[in-house]
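As structure tokens, the structure follows; a few thoughts come after it.
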Amino acid sequence: MSFYQSLAAWEYVTEHATDFAWGGGTQDYVLALKEGEAGAGIVTPPPDMSTGWVAYVEVNDVDATAVLTETLAGEVLRPPFDVPGVGRNALLRDPNGATIGVAMSRHNFPVPRRQFGNEVYLSADRSFPRDFYARLFDWEFSKPQVDENHSRNTIAVQGQIVAATWDDSPLDNLSSRWLPMIKVIDPLGSLRSVPDLVGVKLGQMSDAHVPQDLLFLEDADGELVCLTGA
């Protein structure tokens, strides 16, 4: 956790659950905050789940979304479950194999705009399951922007851009996945200015819809993340 504390000025608060949503029983978990906004939860996943970041999409009906997922050639990794004080969630897998969460929130926490930017989807084989997401979430897609290096789209909800997709990856041997876009003052400068930072720069992209180049790197635990300018 010191990686993100040094890189992005995150603070941490330990919470205690008596009926832990990710496996049951009592367990402590960590909330990551920035300037009072809680934007991420850090938990130890059950043995049958892989580690990594999970992006969540707010929906009106988690159970109906899970049912629809399976009719669209997706997979339900974890059936709908309640998180006390938070809402109802489920974990899904799209036809490319990328994990995504859905949530129906029952809280008034603000959207963590200081901590995160839009989500980023990287595809390993130059394909994005556009029809799957359009039918599952009623997302709107921009006309693909193609240049000699990248093919990309933006995704909007009611006209507001919430995510970006790249149909080719700057990284080799990568499975398709959603990544958080973590905000820092200066992505490249952050890596240079933290002498004890354990991380590896893996690739870089430019895009008109973000304020600076996107920097992809592995964190101290080997998980892939994306940095952008705050």
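The values are calculated or read from the model by the stated rules, or taken from the named source; none is laboratory data. All figures in this text were calculated on a predicted structure; none of them were measured in a lab. Because the Cβ atoms are built from the backbone with ideal geometry, glycine has one as well, and the counts that use them run over all protein chains shown.
Observations
- Subset tally (residues that are loosely packed, with under 15 Cβ neighbours inside 10 Å, at pLDDT 85 or above and not in a strand (DSSP E or B)) for the stretch 6-53: 1
- Residue within the stretch 183-200 that is part of a loop (DSSP other than H, G, I, E, B), over 29 Å from Thr65 (Cα atoms) and at pLDDT 70 or above present: yes
- Entry remark, the stretch 83-133: residues being of a type in the set (Asp, Glu) and modelled with pLDDT of 90 or more number 2 in total.
- Positions within the stretch 87-141 being in contact with a strand residue (DSSP E or B) (Cβ under 6 Å, 6 or more places away or on another chain) and polar (S, T, N, Q), in sequence order: Asn89, Thr99, Ser105, Gln115, Asn118
- Meets criteria (more than 29 Å from Asp186 (Cα to Cα), among the polar types (S, T, N, Q) and in a strand (DSSP E or B)) for Asn96: no
- Evaluation of Asp82 against (1) in a strand (DSSP E or B); (2) within 18 Å of the chain's Cα centre (by Cα); (3) not aliphatic (A, V, I, L, M) (one fails), failing number: (2)
- Filtered residues of the stretch 63-102 (kept if more than 17 Å from Phe137 (Cα to Cα) and not aromatic (Phe, Trp, Tyr)): Leu77, Arg78, Pro79, Asp82, Val83, Pro84, Gly85, Val86, Gly87, Gly97
- Close pairs from the stretch 216-228: first of a type in the set (Phe, Trp, Tyr), partner buried (at least 21 other Cβ atoms within 10 Å of the Cβ), Cβ under 6 Å, at least 6 apart: Phe216/Cys226
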